[in-house]
1. Answer yes or no as to whether Leu230 is under 21 Å from Lys143 (Cβ atoms), under 56 Å from the mean Cα position of the chain (by Cα), open to solvent by 80 Å² or more (accessible area, probe 1.4 Å) and at pLDDT 75 or above.
2. With the condition kept exactly as written, say whether any residue in segment 726-735 is hydrophobic (A, V, I, L, M, F, W, C), assigned to a helix (DSSP H, G or I) and either open to solvent by less than 30 Å² (accessible area, probe 1.4 Å) or under 21 Å from Glu538 (Cα atoms) (or both).
3. Are there any pairs with C-beta distances below 7 angstrom linking a residue in segment 142-168 that is free of Cβ contacts under 8 Å to residues at least 60 places away in the same chain to a residue that is in a helix (DSSP H, G or I) and among the charged types (D, E, K, R), with the two at least 6 apart or on different chains, and if so which?
4. Considering only segment 481-581, give the helices (runs of 4 or more DSSP H) lying wholly within it that have at least 3 residues that are out of contact with any helix residue (DSSP H, G or I) (no Cβ under 7 Å at 6 or more places or on another chain) and open to solvent by less than 60 Å² (accessible area, probe 1.4 Å).
5. In segment 444-470, which residues are among the polar types (S, T, N, Q), modelled with pLDDT under 85 and farther than 17 Å from Ser306 by Cβ?
6. Check Gly413 against each of (1) closer than 19 Å to Leu443 by Cβ; (2) surrounded by fewer than 20 Cβ atoms within 10 Å (Cβ to Cβ); (3) not polar (S, T, N, Q) and name the one condition it does not meet.
Amino acid sequence: MNNDIKIMPAVALRGTTILPGTIVHFDVSRERSVRAIEQAMLQDQMVFLVAQKDALVEEPVLADLYKVGTIAKIKQVVKVPKNIRRVLVEGLERAELIGFDSTEEYLEAEIMTMTDEEETELPPAAREAMVRSIHDMFLAYCKENPNFSKEIAGQILDIQEIEKLLEQLNINLSFSMEDKQKFLELRSLSERYEWMGTLLSNEINIAQIRKELQRKIKERIDKNQKEYILREQLKLIREELGEDHTQTDIDNFKKSVGKIKASKEVKEKIMEEITRFQNIGINSSESAVMRGYIETLLALPWDKVSRDNQDLKKAWDILEADHYGLEKVKERIMEFLAVRVLNKKGHSPILCLVGPPGTGKTSIGRSIATALDKKYVRLSLGGVRDEAEIRGHRRTYVGAMPGRIVAGLKQAGVKNPLMVLDEIDKVSSDYKGDVSSALLEVLDAEQNYRFADHYVELPVDLSEVLFLATANDIQNIPRPLLDRMEVIEVSSYTENEKMHIAKEHLIPKQKSAHGIREEQLTISDGALADIISKYTKEAGVRSLERKIGEICRKAARQILEEKKDSVSVTSENLTDFLGNGKYTFQMANQTDEVGIVRGLAWTSVGGDTLQIEVNLMPGKGEFVLTGQLGDVMKESAQAGISYIRSVALKYGIAGDFFQKHDIHIHIPEGAVPKDGPSAGITMATAMLSAITGIPVKASVAMTGEITLRGRVLPIGGLKEKLLAAKNAHLNTVLVPAQNKVDVSEISKEITDGLRIVYVEHMREVLEEALVK
C-alpha cells in the first residue's frame, strides 16, 4: 500500500462532498477559493476538495474541515455575475488532509493519497456475495421508491465490480452530506460495504414508514369525508323531524370548547361528553342530564382569573371606609396583598374570623373583595348536614348538581374569587356524611389544587380562592378543620366603637334606607349613648341598627304627618321614639360587704359581671350551689372550698367549723345557665369572706381559675370582661398573671381608668380584695 504526499491548492466545500468517479459542478465565491481554482489552472488543473463541518464558517482553519477529501481535476471554469466561478470537476481519488502551507492568498493543502486496505485480500466468492447482497437491497429500495430512475437502476444492476457498485450507489442515491463523507473516509472495502448496507436498509425502512403514514392519512381523510357526508345526511333528517336545534346546541358547545381557558385534559373530557350527547337521541332519558353536565363544565372558570388590585393604599382606604375597627383582619389582608404583589404565585390564605354575632365578620368579606378587586361569593353553611352539599351529587342520581363550592366558582366566573364560608361552626352531620370532613380537602392548601367534585368528575383548582370562614364559637369547629385555618378573633365592640360605627355607618345607612335626607334627622351623642347602654345588650351592632331604624321610621312619620322640617332626637325625648329602656347595668356596690364578690363573665353577647353571694348557716357541713351552674363551675367551687380548708388555721378558722356549718353559694339570674372555671377565685374569695367575716372591697372585680393549691390559672374572653368591669364602674380588676400578654393587646380605650392587678396565687387575691 503506497501513500504519496502531495501539495496542491485546496477548496473548502460548504454543504457538499465530492466523491471519486463523479463529474459535478459547483459555485465558488469566496476570494481564497477563487484564487485556489486559478492557481490550480496555472499548474496541472489538480485541486483538493474537502468539506467543511460547519457551512457558516467563512474563513475555515484545519479544525473546521473533515480529515478526508477528494483529489479532483478541473474540467472547466466559467465566470458568472457577482464574481462567482462555476467549476466543473472530476473526482479522481481519496486523500487525507495533513495540514496547510502558510499562504494568505489561497488554501494550499498538504495531503496524502489513500488506497484500499483489502483490495487484493478478498476472495472472488466474497466479492460476488457482496455484489449480490447489495443488488438485492437495491432492488428492495427501488420497489419502495418507484419514482427512482429505471435507466439509472438498470445501469447500477449491471455493475459486477463491488468497488464501482458502491461508489455509484453513493453517487446516485439521495444520501446526506454527512453519510457521503462517512463513506469517503472509510479505508477498507468491507467497511464501505457494511456502511452502504446500513444506509440502504435505513432508506428502505424510511420508505416503508412513509408509505404507512401516507396510507393512514389517506384513510383518515376518507373517514372524515365519509363522516361529513353522513353528518350532512343526519342533519337533513333531523331538519325533517324538527330536531335541528339539538345539532345547533352541539355546534355551539364545540365553539365554546375552543373559547374556554382550560387544560387539554378538561377540553378532551368535554369533547367526549359532546360526542356522547351527539350520539344519543333527543328522546333519550340521558339527554337532559348530559346537556346540563356539558353546560356546567363549559360554565366553570377552569383557568380564567381576575387581576387583583395591587395598590396597597387604595385597598387600605376601602377597608377603613367600610368598617370601623377590625384592625387584625385588615392588617392580615394587607399582608396577603403585599405578598401577592411581591410573589405573583403562592397559595391564598384560608382565614377564619371568630367572634360574637353582629361584629361585622360577614360584611367585611364584601369589603375585602372590593379592596382586592376580587369577585365575591358567599356560602351559608349554617344547618348544612349533607356531604353532597360540598362535594356534589354523583350524576347517577336524579336531579344531581355540583356542590356549593363548584357552584360558587361558576357564579363568580373566575378561579380566584373571595369565597365567604359563613357560619362554619354550625355545620352538622348525619347518615349522609360529615360536612366538616368534606371541608377538610377544600381548606387544605396542599390538596385543594385538585379538589374532587362528584358531579364534575374533573379536578377543580381551588388553590387561588381566598377563603374567609366565619364562626361564633370556635369550640364547635372540629380540630382537624380548625388546624387548616388561620384563626383571627373578632372581639366585642366597646361603647366608643359602637358610637363611631353608628355615626359613620349605621345612621347614614338607615337614613338612606328610609328616604330621610341628612338634615331631616339628627341624633345627639347623648341619645346614641343611651341607645347603646339602655336599649341594647350585645357584642355587635345588629340591635343598635334596628333601634336606629325604628327611630328613622317614627321620624319619617312625623315629617309627613306633622309637616316637620327636621326631627331631633336627644336623651330627653328618646323615650318618645323607643319607649323605656330595657336594660340596666349592675353597677358597683356602694359599700363593702361580707360574702359578696363581683366576678366577670364572658357571654355570646359580650362581657358581664356576676355578683356571687355566700351565706353560712348552722348545719352538718353541707355544701349547696344554686343559680343553674354547670359541672365545671361546681367543680371550681369544690376546689375553692378545699383550698380554704387547707389554709383554715392561717385565718383563725376553727377545726370543726366545716362540720358544724352549711355553706350556700348562689349566683343571681338563676334562669341563665352559667359554666366555666373562670369564677374559681371569685367563689373562693366570697366563701373565705363569709367564713371569716372580713368584708370584700366593693370596687374590686376578679376573674381566674383556682387550683387545689391556690394557684391562679389564665382564662379567656378578657377584653369583654374588662369592658364589663369598666361599664360597672369597678376600678380594680384582678387578672391572672399569665394573661398579661392578652392585656397588652387590648386597646387603651378599655384599660384607661382601670387598675389591673396581676395575681399568681390566692394569697395575692385575698390580700388585694379583703378589707384590711
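The values are calculated or read from the model by the stated rules, or taken from the named source; none is laboratory data. Not measured: the values here are computed from a predicted model. Because the Cβ atoms are built from the backbone with ideal geometry, glycine has one as well, and the counts that use them run over all protein chains shown. The protein model used for the area step is the full one, side chains on, heavy atoms only, and it has no ligands, DNA or RNA in it. Shrake-Rupley method; radii C 1.70, N 1.55, O 1.52, S 1.80 Å.
1. Values: under 21 Å from Lys143 (Cβ atoms): no; under 56 Å from the mean Cα position of the chain (by Cα): yes; open to solvent by 80 Å² or more (accessible area, probe 1.4 Å): yes; at pLDDT 75 or above: yes.
Answer is no for this residue.
2. If we filter segment 726-735 for residues that are hydrophobic (A, V, I, L, M, F, W, C), which is where we start, we get 728, 730, 733-735.
Now narrow it down to the ones that are assigned to a helix (DSSP H, G or I): none.
No.
3. Ile162/Arg127; Leu166/Arg192
4. 542-561
5. First, pick out the residues of segment 444-470 that are among the polar types (S, T, N, Q): 447-448, 463, 470.
Filter once more, so that each one left must be modelled with pLDDT under 85: 447-448, 463.
Once the filter is applied, which keeps residues that are among the polar types (S, T, N, Q), modelled with pLDDT under 85 and farther than 17 Å from Ser306 by Cβ, segment 444-470 yields Gln447, Asn448.
6. Only one criterion in (1) closer than 19 Å to Leu443 by Cβ; (2) surrounded by fewer than 20 Cβ atoms within 10 Å (Cβ to Cβ); (3) not polar (S, T, N, Q) is unmet by Gly413, namely (1).
For every residue, the table says whether it meets (1) acidic (Asp, Glu); (2) touching a helix residue (DSSP H, G or I) at 6+ places or on another chain (Cβ under 6 Å); (3) closer than 23 Å to Glu538 by Cβ.
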residue: Lys328; (1), (2), (3): no, no, yes
residue: Arg332; (1), (2), (3): no, no, no
residue: Ala338; (1), (2), (3): no, no, no
residue: Ser348; (1), (2), (3): no, no, no
residue: Gly382; (1), (2), (3): no, yes, yes
residue: Arg391; (1), (2), (3): no, yes, no
residue: Leu418; (1), (2), (3): no, yes, no
residue: Glu423; (1), (2), (3): yes, no, yes
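Conditions tested, residue by residue: (1) more than 13 Å from Val733 (Cα to Cα); (2) free of Cβ contacts under 8 Å to residues at least 24 places away in the same chain; (3) open to solvent by 20 Å² or more (accessible area, probe 1.4 Å).
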position	(1), (2), (3)
Glu669	yes, no, yes
Met687	yes, no, no
Gly693	yes, no, yes
Ser699	no, no, yes
